[in-house]
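J.: Pasting a structure here, questions to come.
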Amino acid sequence: MNQDNAARPSVGKIVAGTVLALALGFLQPQILTIQLLTFNFCAASVIGVALYVWAGIIPAVVLAIAATANTFAGFGPLMGAALLPMTLLPPALIVWNARRKLPFFQQMQRGLIAFLGGTAATALLVALLFGGDIVGQIAAIMRSVFDEAGTEFWKLIEPRLTALDPTVTFETFAELFDDIVSLIQAYYELYLLANMLAGAAVSAIVAVFWGNWLLARRGEATPDSFVGLHDWFLPANLTWGTLMTLLAAWIVTGTAIPGGAIAWCAISALAQVAFVVQALAACDRRIKARGATRGRRTATVVLILLAGLIFRAYGTFTFLSLIGCASALFGHRGAARPIVEKLKKTFGGDDR
């Protein structure tokens with residue numbers, strides 16, 4: 001059997017993949033709503049890449065058509081068109097690069113550019129089409145909806161609230177709702193850009209890794225087109241560039257420059273993604289060196305990520321990013337390793 005025939009998915013995979021694609025496409029408006037309100041992890045796009053590798057072109061095309069159609073139906077033609085650079089173009093580019101068996105880190109670089117660029121393009125289009133203060137507009141819509149339906153909603157929940165506190169009135173409830181909307185507005189004005197960019201970066205990393213891992217499992221990857229997590233290293237120029245950008249953003253936050261805090265949140269979120277990945281790679285290298293099986297290594301990385309998500313409020317990812325930063329600077333291929341080695345030779349002698 002030649003390689004082309006070996007690469008063809010079975011009829012069962014095509015059917016199962018098409019059913020999954022239709023389900024994801026039908027749920028795309030709900031998925032996008034959750035995505036845009038939280039971390040912006042592009043679930044449908046990431047699954048679309050894996051679906052193409054696993055079940056072929058038919059389910060991937062079905063997903064693209066169904067998701068796009070339902071996005072337009074759920075969000076309207078203008079918003080649907082604005083979302084296309086973020087939802088459709090990045091996975092298509094990642095699939096194209098995986099098909100060409102490009103070197104893995106070149107694929108990763110292009111995937112990051114595609115997702116980050118697509119997200120930035122969507123943000124720009126939304127700002128142009130709907131005005132710059134999109135968060136303020138959404139908050140205004142929430143308040144207008146409450147003005148129209150707040151009384152009816154109060155009638156439904158009044159018995160339960162007054163049972164807990166008889167002094168609660170509709171005016172108190174309305175003030176509380178307005179405070180909640182103001183809190184949500186303040187949060188998104190500060191963190192929306194950070195969530196959008198960090199989520200896009202994570203989506204790119206997962207999509208490129210997952211797609212090439214599936215190709216490697218089928219024996220269709222080359223030694224260059226797939227690299228396991230244990231061989232991931234932040235390049236020295238990226239490490240220094242990230243740290244210098246962080247320092248510059250931190251300095252800007254202490255000035256009166258508009259948007260300084262927003263820039264700091266976005267840059268620190270992207271830096272955290274980069275250093276957390278470095279920390280996971282360093283962990284995988286350590287346990288691999290101790291002879292751990294692939295399954296145990298995978299389980300360890302997954303458990304670390306789950307712990308980070310569960311205990312995120314306690315700064316787990318911040319702690320991981322600090323470990324990753326130390327690894328990127330002083331690890332085996334650390335950016336500061338040549339400086340450390342030179343200092344050792346200078347102050348300790350060449351024989352040490």
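The values are calculated or read from the model by the stated rules, or taken from the named source; none is laboratory data. Note that the coordinates shown come from a computational prediction; the quantities given were computed from them, not determined experimentally. Methodologically, a virtual Cβ is constructed for each residue, glycine included, from the backbone with ideal geometry; neighbour enumeration extends over all protein chains shown. Heads up: the accessible areas ignore ligands, DNA and RNA and are worked out on the full protein's heavy atoms, side chains in. Shrake-Rupley method; radii C 1.70, N 1.55, O 1.52, S 1.80 Å.
J.: Mind ranking 9-17, 231-239 by how tightly packed they are, going by the mean number of other C-beta atoms within 10 angstrom, highest first?
T.: 231-239, 9-17
J.: Now a separate question. Carbon and sulfur atoms: what percent of the 1.4 Å accessible area of the chain do they account for?
T.: 69 percent
J.: Something else: Can you compute the helix-only [θ] at 222 nm over the chain? Use -39500 (n - 2.57) per DSSP H run of at least 4 residues, normalise by all residues, nearest 500 deg cm²/dmol.
T.: Roughly -28000 deg cm²/dmol at 222 nm, from the helical runs in the chain.
J.: OK, next. Residue-wise, which Karplus ³J(HN,Hα) couplings in Hz belong to the range 93-105, taking 6.51 cos²θ - 1.76 cosθ + 1.60, θ = phi - 60°, and x for glycine or proline?
T.: With the stated coefficients, the range 93-105 comes to 5, 5, 4, 4, 5, 5, 4, 7, 6, 5, x, 4, 6 Hz.
J.: From a point 7 Å beyond the Cα of Q30 in the direction of its Cβ, which residues of the range 74-92 have a backbone N at a distance under 19 Å?
T.: Answer for the range 74-92: 74-76.
J.: Scan around V227 for amide H atoms under 5 Å from its own, H built in the peptide plane at 1.01 Å from N, and keep only partners 5 or more places away or cross-chain.
T.: HN-HN under 5 Å from V227: empty list.
J.: In whole Hz, what ³J(HN,Hα) sequence does the range 68-73 give by Karplus (6.51, -1.76, 1.60; θ = phi - 60°), x for Gly and Pro?
T.: For the range 68-73, the Karplus-derived couplings read 5, 4, 6, 5, 5, 5 Hz, x marking Gly and Pro.
J.: Which net charge results for the neighbourhood of L102, defined as the other residues with beta-carbon distances under 14 angstrom from its beta-carbon, given Lys and Arg at +1 and Asp and Glu at -1?
T.: Computed value for this residue: +2.
J.: Averaged per residue, what accessible area in Å² does the chain show with a 1.4 Å probe, protein chains only?
T.: Counting only protein heavy atoms, the per-residue value for the chain is 57 Å².
J.: Here's something else I'd like to know. Estimate the FRET efficiency between R218 and A69 by the formula 1/(1 + (r/R0)^6), using the beta-carbon distance for r and 41 Å for R0, to the nearest 0.05.
T.: The computed FRET efficiency comes out at 0.85.
J.: While we're here: Computed from the coordinates I sent, P(r) over Cα pairs in 10 Å bins from 0, in percent equals one of (1) 5, 22, 30, 25, 14, 4, 0; (2) 5, 20, 21, 15, 12, 12, 9, 5, 1, 0; (3) 5, 19, 27, 24, 15, 7, 3, 1, 0. Tell me the label.
T.: (3)
J.: Another question about this same structure. At a Cα cut-off below 19 Å, give the aspartates and glutamates reachable from K342, other chains included and same-chain residues fewer than 8 away excluded.
T.: Answer for K342, where 19 Å is the Cα cut-off: D350, D351, listed by chain and number.
J.: Set the Förster distance to 56 Å, then compute FRET efficiency between D231 and D133 from the Cβ-Cβ distance, nearest 0.05.
T.: 0.80
J.: Also, quick follow-up: For the range 225-234, take each phi angle, set θ = phi - 60°, evaluate the Karplus expression 6.51 cos²θ - 1.76 cosθ + 1.60, and give the result in whole Hz per residue in order, putting x for glycine and proline.
T.: Result, rounded to whole Hz: 7, 9, 10, x, 4, 5, 9, 8, 9, 6.
J.: By how many degrees, 0 to 90 and rounded to 10, does the Cα axis of helix 337-348 deviate from the longest principal axis of the chain?
T.: 60 degrees
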